[in-house]
Amino acid sequence: MSDDIVLDVHDLHTHFFLRRGVVKAVDGVSFSLRRGEVLGLVGESGCGKSVTALSLLRLLPKGAARTVQGEIELEGEDILKTSDREMRQIRGRKIAMILQDPQTSLNPVFSIGNQLRETIAKHFPGPGGTVTQRAIEALRNVRLAAPEQRMDQYPHQLSGGMKQRVVGAIAISCEPLVMIADEPTTALDVTIQLQYLNLLKELQEASNMAILFITHDFGVVAKMCDHVAVMYAGRIVERGPVRQVFDNPTHPYTQALIASVPKMGDQRGRLHTIEGQPPEFSDLPVGCRFAPRCAFVEDKCLSTYPTDFSVGNGHTSACWKLEKPE
Amino acid sequence: MTEPLLRVENLRKYFAHTKGILAAKNMGQVKAVDDINFTIATGETLGLVGESGCGKTTTSKLILHLENPTSGKVLLQGKPIHGMEREALRDYRADVQAVFQDPWSSLNPRMTIGKIISESLTVTKWGKRAEIEERVRDLLIEVGLRPEHAQQYPHEFSGGQRQRIALASALASKPKLIVLDEPVSALDVSIRAQILNLLKDIQERENVAYLLIAHNLATVRHMAHQTAVMYLGQIVEYAPTKSLFDDVQHPYTKALFSAVLPDHPDLQNDEIVLAGEVPSPLDPPSGCRFHTRCPFVMPECSQEEPPLRETKPGHLVACHLYPTA
Amino acid sequence: MRNLPWIPLTIISVMLFMGIFAPFLTSYSPIDQSLPDKLLPPFWEEGGSIKHLFGTDIFGRDVLTRLYHGARVSLIVTALALLVGGGVGLVIGIVSGYVGGRLDSLLMRIVDAALAFPTILFALLLAVTMGQGLRTIVIAISLLLWARFARVVRGEVLAVKERDYVALAKVHGCSPARIMATHILPNVLNTFMVLLTLHVGVVIVAEASLSFLGAGIPPPTPSWGLMVAEGRGKISSAWWLSLIPGVAITLVVLAFNLFGDWLRDRLDPKLRQL
């Protein structure tokens, strides 16, 4: 079973070193991803989910941020210890990424074909003809009509949804083990989002790659993911199989987050709210980071950060109210 | 029937599409808004739903008198708003206000919160300085902020707080209608509910009407009394929110509904996945504009444009599938 | 504080100090001739004396004294030219960018014409028709500056006017004049300040060039450009006459440019966060 694990992140700490102090954007995050698994990493802006993704690819802004502690094992090898050169081989080939904004993911001065061929040629060097064939195949896989003609087009000639498909084509062209999708559909319209999510799901099932799906939207998690991890202020507060977490959210933050989203079935009424704002990283609470906004806060929450308590079946939650009385 | 607060009649807005650097060549017209009609009643919310490029933002600009229509009218309490005298326009400005999507762009970084909120009062010489300060204080409390915030600058506030400030400045002149253009979509999930609840509380207290432009159907369901669905510059379905959500009729609305992501992993929708993308508004399809993507397309759809017809009391649909009730 | 650009600031402060307190820093006159003392070298050269630290010129005037007073002339010209040229450019840039349409096209074509015009030639022409002097040189340099300012400010206005708060100001009932004054102007001031500092160097060089060509401040009033020009003939025997004011010009222009760069980085909100 454990042989299936393709990506194992253990106790990851990534800090930003700013003029006004150190920001612990990722503060002890652990998770693992099995072959063919889709893990949703959910949280609000600033919770550290995107920094986690950048840490995995070692694409943090140089000088400003650094992973100071932890291991990222890709097929058993710690990629934090590999050289920059080896890392370039890993990126794209073993871990691919789709970002939120298709406008900035593609280079406007190169044709679609150029950008695809560049990635493919780097990881599968071969005669130009085969590279081109592979590129066209990748475009066909993301269901772009007339892929041969698309090769010569430039990003500005495509719509947002089509651009994001091209980004997807580049990401899957080298058959990565792990795909990191950072809010890939946030910039898309709802009907296009549905097309894109269905496409990702199909590609994932066909290739059995693992996806780390970063999102703020529980709907995306419900549709796409097998497992979910909820992040708050740099740490994972709850994780587990998707159905279990939706049926029985145990962390007060997860509960409140799910309850605060308007549902299609609801009539006009008041929404459940979480008062206040997420804490500033420069001024984190001593104990549980959600305690200042939590409806069930106790003395212990204010003094000590809770450990992960198991709720069964790999479902854990970092909340003191789950501590079993001795 | 009594005159509604706001009435939009046969409103059209075409933009000339030009190309070329030296001599601008006219390449045709973008029909951003093409013959739409709706009304908003006092104290009620109309939800306007659609994808990008459907014309909902242009509609809001026309209502806010930021653009002039190509033809058609917007009437506030029976009076057409375009081509008004200066005085009348000033009154209109006080009656119709707006909150936009991006809280980072809607507050002038060089003005204090107090100045921002009181701007509409200052320009209309609403009262003495002390009275205006008093009003700002009340508004800050009303939107859930503290009076001392008036001295601070926008950069000291988070997105949710900024949206509260934007709302306070919209409320300052006691408007009858506020255009809410995607008011929560730029905010974090846990903050959205706070703002939506606040909007509802204010509507109850002040009896203000909202035009809520949104792409999130659940938000519209939660907030709106009436809902209109736009596609390529036209309204395709327009009904009381409950009627619309209980009995979706237009195929495009159906597709929008099935694109809503499930609340729970077990609730996978029967999906109508639309093929392709929205056609260019520069060259909209003939007949029904949706026929190129419609799963129920019939021969007449490409020939004849379906009129907006009442299929049930108050429920209007523009589709050949639904003959008049 | 620790990130202030100390070297440029020091040079700028020294220049300001020299210009403002010129009469109190020296007992010599910058104008009166003293032929017995003519062409004394700087103190470190053979024959120099500490009475004339940077030596004397062909009329026996103290070079350091003239440098002090020249700084004063440069400062006055710079301040006036930036005030007039920068101010006009700011206003035209804001109006052109905000109002847009035909007015914008018209104003920008005038800007193009102004930028294409050979300024030096125009200044020489002015000097002939209006006579040499402060007024002529300020007008000539302002004519060079306003178009540059107008164009950059207009570009910035085009970005600022798309911000939602400008649309909301209209919804609040603000007049165009009020929007330009309270919403546009304060938000392009950062850019304007950076432009100002980056153009101090341009003005100093322009003033020096015009004085060098004889279209600037008339002698015997000292100006750095004029000093370089006067020393030109003696460059092989009395190198200090041209080189010392030349070095002064270089240092000051460099200092203002470095300061301008720093200010730009500082005021750019995108970089300010880090």
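The values are calculated or read from the model by the stated rules, or taken from the named source; none is laboratory data. What you see is a predicted model; the values in this text were computed from it and never measured. FYI the Cβ positions are ideal-geometry reconstructions off the backbone, even for glycines, and counts take in every protein chain you see. The accessibility values were calculated without ligands, DNA or RNA, using every heavy atom of the protein model including side chains. Shrake-Rupley method; radii C 1.70, N 1.55, O 1.52, S 1.80 Å.
Annotations
- With every protein chain in place, the protein assembly as shown: carbon and sulfur % of accessible area (1.4 Å): 56
- Euclidean distance of C-alpha centroids, the range C:26-99 and the range A:224-292, integer Å: 68
- Gap separating the Cα centres of the range B:133-154 and the range A:119-151, nearest whole Å: 58
- For A:S32, distant residues with modelled amide H under 5 Å away: A:V9
- Total accessible area lost when B and C pair, probe 1.4 Å, Å² to nearest 100: 1800
- Here C:K51 is the anchor, and the aspartates and glutamates within straight C-alpha reach of less than 20 Å, apart from those fewer than 8 places off in the same chain, are C:D32, C:D37, C:D62.
- For A:D189, no residue has an amide H sitting under 5 Å from its own, ignoring neighbours fewer than 5 places away on the same chain, with H placed 1.01 Å from N.
- The residues of chain B expose, per residue, 43 Å² of accessible area to a 1.4 Å probe.
- Calculated FRET efficiency, B:T70 to A:S207, Cβ-Cβ distance, R0 = 56 Å: about 0.65 to the nearest 0.05.
- Gain on full stretching of the segment that runs from B:R90 to B:Y153 - 0.36 nm per residue minus C-alpha separation: 19.9 nm
- Burial of accessible area (probe 1.4 Å, heavy atoms of protein chains only) in the range B:37-79, relative to its chain alone, reaches at least 50 Å² for B:E51, B:L66.
- Spin-label model, B:R205 to A:F124: label points 7 Å out along the Cα-to-beta-carbon direction sit 6.2 nm apart.
- Of C:G101, C:G214, C:G70, the one that fluctuates the most in a GNM where chain C has Cα springs shorter than 10 Å: C:G101
- Label-point separation, C:R109 to B:E133 (7 Å along Cα→Cβ), nm: 5.2
- Pairs spanning more than 22 Å between alpha-carbon atoms, out of B:K56/B:K254; B:K73/C:K170; B:K31/B:K79; A:K263/A:K324; C:K38/C:K234: B:K31/B:K79; A:K263/A:K324.
- Residues along the range B:92-134 losing 50 Å² or more of accessible surface when the other protein chains are present rather than the chain by itself (probe 1.4 Å): B:R93, B:F100, B:S105, B:N108, B:R110, B:E119, B:V123
- A Förster radius of 30 Å, combined with the Cβ-Cβ distance separating C:E162 from C:A116, puts the computed FRET efficiency at roughly 0.55.
- In this rough spin-label picture, where each label sits 7 Å from Cα along the Cβ direction, the C:F43-A:A295 distance is 8.2 nm.
- Residues C:L254 and C:S34, FRET efficiency given R0 of 35 Å [Cβ-Cβ distance, rounded to 0.05]: 0.60
- Cα centroid separation, the range C:158-210 to the range B:159-222: 32 Å.
- Chain B contacts chain A over a buried accessible area of about 4000 Å², both sides summed; the probe is 1.4 Å and only protein chains count.
- Whole-percent pair-distance distribution, where bins are 5 Å wide, for the alpha carbons of the range B:126-197: 3, 15, 26, 24, 19, 9, 3, 1, 0
- Summed over the residues of the range A:185-326 and divided among them, the accessible surface reaches 42 Å² per residue at a probe radius of 1.4 Å.
- Per residue value of the accessible surface for the range A:1-49 (all protein chains in place, 1.4 Å probe), Å²: 40
- Rel. contact order, % - alpha carbon contacts under 8 angstrom, at least six apart, the range B:6-317: 21
- Anchor A:K321: lysines whose Cα lies under 23 Å away (excluding residues fewer than 8 positions away in-chain): A:K300
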